[in-house]
1. Filter region A:507-539 down to residues that are part of a loop (DSSP other than H, G, I, E, B) and not polar (S, T, N, Q), then give me how many there are.
2. Identify, please: which residue in region A:439-458 is in a helix (DSSP H, G or I) and within 15 Å of residue A:470 (Cβ to Cβ) and is, among those, nearest to the other protein chains (Cβ to nearest Cβ)?
3. What is the one condition in (1) out of contact with any Leu (no Cβ under 6 Å at 6 or more places or on another chain); (2) surrounded by fewer than 22 Cβ atoms within 10 Å (Cβ to Cβ) that residue B:503 does not satisfy?
4. Could you list, in sequence order, all residues of region B:110-139 that are within 11 Å of another protein chain (Cβ to nearest Cβ) and buried (at least 18 other Cβ atoms within 10 Å of the Cβ)?
5. Within region B:599-644, work out how many residues are touching a strand residue (DSSP E or B) at 6+ places or on another chain (Cβ under 8 Å) and farther than 27 Å from residue A:57 by Cα.
6. What residue, of B:17, B:75, is in a helix (DSSP H, G or I), touching a helix residue (DSSP H, G or I) at 6+ places or on another chain (Cβ under 8 Å), buried (at least 22 other Cβ atoms within 10 Å of the Cβ) and in contact (Cβ under 8 Å) with a residue 24 or more places away in the chain?
7. Could you list, in sequence order, the residues of region A:365-380 that are within 32 Å of the chain's Cα centre (by Cα) and more than 11 Å from every other protein chain (Cβ to nearest Cβ)?
8. Do you know which of the residues in region A:222-244 that are modelled with pLDDT of 95 or more and either acidic (Asp, Glu) or assigned to a loop (DSSP other than H, G, I, E, B) (or both) is farthest from residue A:279 (Cα to Cα)?
Protein chains: 2
Amino acid sequence: MKILSHNAKSGRRVKACLAQIHVLPGQPTANTETMLKAIASARAQTAELVVFPEMAIPGYLLGDAWERDAFLRECEACGHRIREASKGLVVVFGNVALDWRRHNEDGRVRKYNALFVAENGRFIGPRGGTYDFVVKTLLPNYREFDDSRYFYDLRRLAAEEGMSLEQALAPVITERLALGCVLCEDAWDTDYGISPLDLLKRHGVDLFINCSCSPFTLNKNTKRNRMFAAHAKRLKKPFLYINSVGIQNNGKTVYTFDGASCIYDAHAHQLSLPSRFDAGLLQADIPLASLEFGTPLDAREDGVADIYQALVFGIREFMQILGVSRVVVGVSGGIDSAVTAALYSRILSRENLLLVNLPSRFNSPTTVNLARELAANLGCYYAEVPIEESVRLTTAQVNGLAITSPAIAGPDGSLRTRLVLNDFMIENVQARDRSSRLLAALAAAFGGVFTCNANKAEATVGYTTLYGDLAGYLAALADLWKGEVYALGRYLNEAVFQREVIPAGCFNLTPSAELGPTQDVDKGLGDPLIYPYHDCLFASWVEAWQRTTPEEILEWYLAGTLERQLNYEGKLADIFPSAREFIADLERWWRQYNGMGVAKRIQSPPVLAIKRRAFGFDHREAQMGVWFSNRYLELKKQALARQG
Amino acid sequence: MKILSHNAKSGRRVKACLAQIHVLPGQPTANTETMLKAIASARAQTAELVVFPEMAIPGYLLGDAWERDAFLRECEACGHRIREASKGLVVVFGNVALDWRRHNEDGRVRKYNALFVAENGRFIGPRGGTYDFVVKTLLPNYREFDDSRYFYDLRRLAAEEGMSLEQALAPVITERLALGCVLCEDAWDTDYGISPLDLLKRHGVDLFINCSCSPFTLNKNTKRNRMFAAHAKRLKKPFLYINSVGIQNNGKTVYTFDGASCIYDAHAHQLSLPSRFDAGLLQADIPLASLEFGTPLDAREDGVADIYQALVFGIREFMQILGVSRVVVGVSGGIDSAVTAALYSRILSRENLLLVNLPSRFNSPTTVNLARELAANLGCYYAEVPIEESVRLTTAQVNGLAITSPAIAGPDGSLRTRLVLNDFMIENVQARDRSSRLLAALAAAFGGVFTCNANKAEATVGYTTLYGDLAGYLAALADLWKGEVYALGRYLNEAVFQREVIPAGCFNLTPSAELGPTQDVDKGLGDPLIYPYHDCLFASWVEAWQRTTPEEILEWYLAGTLERQLNYEGKLADIFPSAREFIADLERWWRQYNGMGVAKRIQSPPVLAIKRRAFGFDHREAQMGVWFSNRYLELKKQALARQG
């Protein structure tokens, strides 16, 4: 066994390798090959400890694929291959652990979200424990996580075994080290009333290891650095954090994994890999007694550069999983489609990207020109395909269509009427014509897919047409408010392209669907959404920790504190002359958010998650009509009465 | 207080009323009004105990609406209104219970799925307990249930309080009765290793009450009757089961609630309300010592009549929640759309139902005539709207379209190519033209919605077109295999209409999408699915308790036991001449199920759940490409080598 310089007790060191691998969800054999290569590299570098992420073998977000026994058996077999490769060093890795003689509370085979420690070809479990693996203690069951749907936790296991949790949370003793092994949530213990790390510490631990499969979320690393550095400081031991790279999804919501693996020392410093979203090995010769790297803690807040990086990474990886290599973007001249197109141009070579403008008689030459200019700037394929003729045909087929009952006329006579297609309906006809008729056919003929360019404000209130602008293979911007899309556009021009790839006009244009004469951009007409305000309002419904309802909003409005509560920088009085208009607007969008908004999101494309509470599995919802609290109705009555 | 005849101890009786109310999810005030009316009725009938379902006030499947504090406060206030109405009788009801000073493990306010017992205007909690309400012990976290996402369970609470679970599971002592109160899953204890009912019994209980919010699932009542009657027999006490009526959903999956409330006696007999899916009060004068109704246990297995009843109820209620009253059904002449149309004709008056046939040049006069005949039989509106001209227009616009790069030609020259729309792509153009262009516009002009007629076999392998035949406001048949759709069609003709409303031709026709010359029904050509076999194969992937993968399927095929394992009544040798063809078919559909099938389901309409594992929240899935186990690949190699 390769052992590095360790002299006196105070001078003990461990040469560790954090293997931040790219994990493919649901592909245990492929992940095992990746791990075996990483072990070989680590061995070549004389590492004595190699650490992999949580669920490195199976992947983590797999939906109900955990119910397939054949899959579980293969994960188990892959784990043994890693065990066999542990000659001469210690390998720590996440995998699903099975106890085929017990069952979960759903009656299916007992599954644990587990950490395996292998040394010299054998698994070592926690000292005095039931199994030869470490069982996750705290199972997250909020946001996108469904851990207790699939896994049995250590608290329940300890109770079943008649052990205290402190007994069960024992270190893993290798030939040279007492390892304090925990999994992801085990170190996010603030709200659980127990701290697995502190319980472990009582047994004496040389080194703490947190193996995670933790999706990227804006500013999560900042919070993690603060929390985990505090752990290391309190525990007075090195603290290894290892996370995977890649993307995983639960159908509706697609998560990126940024790695960001690092080692925290006892002085709130950290040693990290140079870049996020990159597979890599972090090698370090760690003194166990008084670790100090000198690198200060990364306390930087995430910004638009991080959003850009996550989007580009996420889109690229998602395309790879689907086997997609060519993309069509419908470009309207507006900011959402321009930003989408600019993003894809960073991922695809120009011959694999096609921008299409689909004008009707309501589209201003202004926007058509902006679309053309954008395509010229990106140097990719471009086409203009008008929808006018088809919309006329649909209108002719539907408007005035006689529908009758072919029943033999009974005593009640037979039915006969004519259908009427009004202007609002024709707006939706146009939107569907663009996406479902043309973009879908164009994408097929181009050999690819087409994008959904909706932003989060539109997605929140369903200000989109189903099978129209809400269609597409992926909604990459649907976790960004309109203001964030503008900021991303500016970042693309200034930092990424360093020239005006997205024309200035896209930023200055009134946002508009251009589906009718009341949405004429050249007259400054457009969407009914006042984005700077509605972005803030909707964020308080969707993303705020204390999710608001009209009750809180109206209360704050009446108290004159709403601007501050929502972080809205404008003045409400400039938008709403009186409470009446304020309330009408509030109710309109609240109804949309809880009504058609939900119905449309059920049929929307997958959303690329960037922040807390992306739509889908991180924001579960039911179609159940609109609810106003009694207190809201009371406040509203007062407000309107006061106004007279 | 109204007390009924109770003489000797052995003669004690209780006049109980099981209030099987219609619960509206997310509408606490409306539900409270319903409950107050039921209490008044029960009081008028001199009942001394009124029992409501689990979560009678808030509803149960609400998505993340549990995170809105305003909603929680209103539920709490509604609970107090019920408490105040409990003068002179005991009211048991389900509600969310809040402890505003504690938090859940996600950091949000502490919430319990709780039972409240109110008597003479005050709440009574379990004897010696922490709270004045009963906390649910077993939180289901499988299938469509997300209980531990929102609620804190009694096991964790007892640990927190330093109590044993037996201490915590104490009866509620009213003036006259010791009530053993549990919530739904608490009585489905087989796989939990503890039995809340048995722990309660040790304290001495007069009467057991199980308040549930339990979705209808085919044959669940049969299983419940068997289990709960066994409980009553073992506990030697009357056992009241009360469930709500209505529909609730978690977005993608819509559940019906059939009520089926009843009282089990200690002799495995039961007293039930006469019909399912109906609100009602079940009044009974229950002797506490030796209860016997004489009515035998309902051990009947559910059948097509129950499927029909659940569908009609579910569709009607779903339309009500959405505020929809008019429906357009695209009718192809095939069985799925014919059954859909026949179902809707039982829900809507004929002037609110419009059937539309949308022929192209590939549609045989046979199927157009069947559609027309169906509409004539139903007596509703009908129209024929051809798609030929539009498909020609789309083809002309896309096929051969020159796409170029408008970039100023650099040293690498500029891009130029032409798009090609092949026959397969034009098939999808037709399907999208029907749904997204025409049905959507027709539905809008008719003032309603249009249906998705997909069955579960198509939904499983994505044998549907996105934004085409997979579009619609609700997929009512998407939890039924093709064979079950045929059976439902026969039931409609024979039992419901008692005449041939669905023409015989719809049953005899080769199932076909009629999108190209290779799908000519008049030549007996059609879908690539061999439904009698593929229904069985797909059921083993999706619905079987031990969900299979190609590994098990191939193993059984090679062992000659596959027909038996799948309950397939035909002979595989009649379909597949050799292992090569069998394997090609298996892999084709497995790839589709795990590939495009998932992508399409993410954007599919809500599914009305009928059986175990409806798509959506009861069958969670991720897009992660296709997985074949190593063992499968080995078996396949052997099978093909053997064949030579």
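1. 14
2. Ranking the qualifying residues of region A:439-458, first place goes to A:440.
3. (1)
4. Scanning region B:110-139 gives B:138, B:139.
5. Within region B:599-644, residues that are touching a strand residue (DSSP E or B) at 6+ places or on another chain (Cβ under 8 Å) and farther than 27 Å from residue A:57 by Cα number 7.
6. B:75
7. Once the filter is applied, which keeps residues that are within 32 Å of the chain's Cα centre (by Cα) and more than 11 Å from every other protein chain (Cβ to nearest Cβ), region A:365-380 yields A:367, A:370.
8. Out of the qualifying residues, it is A:243.
The values are calculated or read from the model by the stated rules, or taken from the named source; none is laboratory data. This is a predicted model, so every value here is computed, not measured. Cβ coordinates were reconstructed from backbone atoms using ideal geometry, including for glycine residues, and neighbour counts include every protein chain displayed.
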